[in-house]
1. Heavy atoms only, probe 1.4 Å: what % of the accessible area of the chain goes to carbon and sulfur, would you let me know?
2. Rounded to the nearest 0.05, what FRET efficiency is calculated for Ser470 and Glu434 with R0 set to 22 Å and r the Cβ-Cβ distance?
3. Can you list the HN-Hα couplings for segment 298-303, worked out from phi with the Karplus curve (6.51, -1.76, 1.60; θ = phi - 60°), rounded to whole Hz and with x for Gly and Pro?
4. If you average over every viewing direction, what projected area does the convex hull of the Cα atoms of segment 426-570 give, in nm²?
5. Share of Cα-Cα pairs in segment 153-196 beyond 13 Å, in percent?
6. Take the Cα atoms of segment 163-226, find their three principal axes, and give me the spread along each one in whole Å, biggest first.
7. Determine ³J(HN,Hα), in whole Hz, for all residues of segment 447-454 in sequence, where each value follows from phi through the Karplus function 6.51 cos²θ - 1.76 cosθ + 1.60 and θ = phi - 60°; x replaces Gly and Pro.
8. Can you compute the label reach from Ser13? Point 7 Å from Cα along the Cβ direction, backbone N cut-off under 19 Å, restricted to segment 23-50.
Amino acid sequence: MIEFITPRTFLFSTQAVVFSVLLFVFYTYYRTFLRKYVKYWLVSIGALCLSYLIKSIIPYSTSHLSSDYWLILAELLLQIFQYSFLIFLGCGVFNAKTNKEIPPKILRGSLAVIVVLSIVTTVLFAFDSSQAFNHFYLTVSLPSFIFGCSFFSLASYLLFDKKSYFSSKVLMYFSATFGLRYLIYSFISIVALTEPWFRQLESFLLYFDVAAHSILGFTLLIWMQGAERFAALNAINRAQYLGKHDSLTGALNREQVMAKLSDKMLELTQTNKVNKSQVKLAIFLLDIKQFKFINDTYGLKIGDYILGEIANRLNHSVFIPQAVGRLSGDSFMFVIEFEQLSHVDRAVDHLHELIERCFHYEQQEIKIQASVGYCFYPGDADKSEDLLQKANLALHHAETNNIPTVAFEDGMQAQGRHLVLMEKQLRLALENDEFILYYQPQLNLLTNKLEGVEALVRWQHPEKGVLPPSEFLSEMEALGMHNEFDNYILTKACQASERWFKLYQRRVAIAVNITAVEFQDEQLVTNMQMLLQKYGIPSKYIELEITENVVMTDITRAMNSIIKLQSMGIKVSIDDFGTGYSSLAYLRDLPIDKIKIDRSFIQEVESNDSDLTIVKSMIDLSHGLGKRVLAEGVETVEQLNLLRHLGCDAVQGYYISRPLPEEKLARYLERK
């Protein structure tokens, strides 16, 4: 066997061992980091290793096998492995550069092509000794030409790639050199195959290829190490960036925007002393109105896009902001320099224009609005946290009073302290069940019998006694406790209805006022279903009252909610009708059951012709649209008789009965 170990065989065997070791290194690296491009290179190195293994055993096997079939099979496998080496090398480079995975269909198609190509070029003319030259051209010259073009293509790709590293440059020069080597050899093998020096050229290229493949292996190793080092640096930079910026919008996070505001305040103070100027800072806080509705309606993806676009618009504002940051979910800070207050006024208009400009996402148009609160440095405070607090107080005032923009004023701090105290008391009152319901009877004018009752909340304060809604509802609204409080009142109303049926075997419709926040909540219908089922109440005995303004804020969403409630059998009425929007046309489209004429039209209805005309028109229009009408605030017999004459369906007011606690309402419930 020793006679078959020639220098060439030893060289190929050594290369097979070297690339086996390199293959193990690549495998270990892939198991550790799971990089897709390493997997491609792992296959490429494996194919190259197998090609060297085949070259090393051909001399021994041919001496023991008299048939030419082994040589043909060896040539076939050799070509398949060499083509595979080339394909997976290119796939690895592409994946490393773009981080895009090669589709499996393309890989399978490529492998199928190289197998077919290898079979055709290897088998054709293989058994005809007179076609030896043609067989050589197909098995040597053609593959060399393909390899040369492929390596030149790889070199061109690396040359024009924008992300260039040391290892990619080395690979580019290697590919260009290797491509030139294969193209020259392909040309020479055609025109000078019979020349005596051709064999010497083949021997030289043999050692050249061995050295080149070794260089390639180490180049890929250097590439992997560099890529991981670059990935580590990117991770560090990314961590540092996220430590200072909001990951969703790219704007500064709260900590950094506050630090930048502090730095800017210090810089401005020093500049004003030196230049004796009066440059100030305006600190704006912006909060997107009904952003939860955007997320619920259009989806979180569009909501995230809008937040990112808002940050982008603020950062590129023509007012050249000194700082832009995202403080929380849909709240942003925007800081500018100014000298004249007129500059601030223009900035306010500009901010609203930026936010209200239509957002376009995948053929959808979304329009939003924002509430803005702001304060000044050094006029309102000289510390960044104090400025944030005061701007936030102004923003809160804007949101609770539905005002687009509010500037901070001194009295707001006292109001803020009052709200903090009230929140504690209100939450304790909810926990201790201190809120009670009074019920105002509603009289049906056709039957002169009890039609239903309106539930009116009172606070049984442990120290101040019974407090009317005017003493706490505005604070409840300012604190954003609408949803929790409305659910609490609805639960108490359902409990009362269940209790009355057990005690008096009688069902009475209970009307409950619902705030805009609760009515626009997607969970309202679900909550109502759960309450009705829990307390065993037929749905027609619960009526929800909403104001005109609640409807007109988002009429489409309001209609959807009303339709869902009515499909359950729950009646919906418009409370305080006539005080919100002057137009009555929307009644035609709203699927409501009843309108309640506000008491302001009833007070002088018997003596004021204008009020009489308005009330008569409301009743006639509502009846024409199939709606029932209830008049609020009836306090005299004259008002009652006039409303009966006008065809009003029901009334409530002090003339009928004041709001009553449950124990005094019993006399109405005991009547059959």
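The values are calculated or read from the model by the stated rules, or taken from the named source; none is laboratory data. Everything numeric here is computed off the predicted structure, so don't read it as measured data. Glycine gets a Cβ as well: all are built from the backbone with ideal geometry, and neighbour counts include every protein chain shown. Calculation scope for accessible area: heavy atoms of the full protein, side chains included, ligands and nucleic acids excluded. Shrake-Rupley method; radii C 1.70, N 1.55, O 1.52, S 1.80 Å.
1. Details: 19870 of 34510 Å².
That share works out to 58 percent.
2. Working: r = 17 Å, r/R0 = 0.76.
Plugging the Cβ-Cβ distance into 1/(1 + (r/R0)^6) gives 0.85.
3. Result, rounded to whole Hz: 9, x, 5, 4, 5, x.
4. Numbers: hull surface 39.5 nm².
Seen from a random direction, the Cα hull of segment 426-570 projects 9.9 nm² on average.
5. In whole percent, the share of Cα-Cα pairs in segment 153-196 beyond 13 Å is 59.
6. 46, 20, 10
7. Result, rounded to whole Hz: 9, 6, 10, 5, 8, x, 9, 9.
8. Answer for this model: 49-50.
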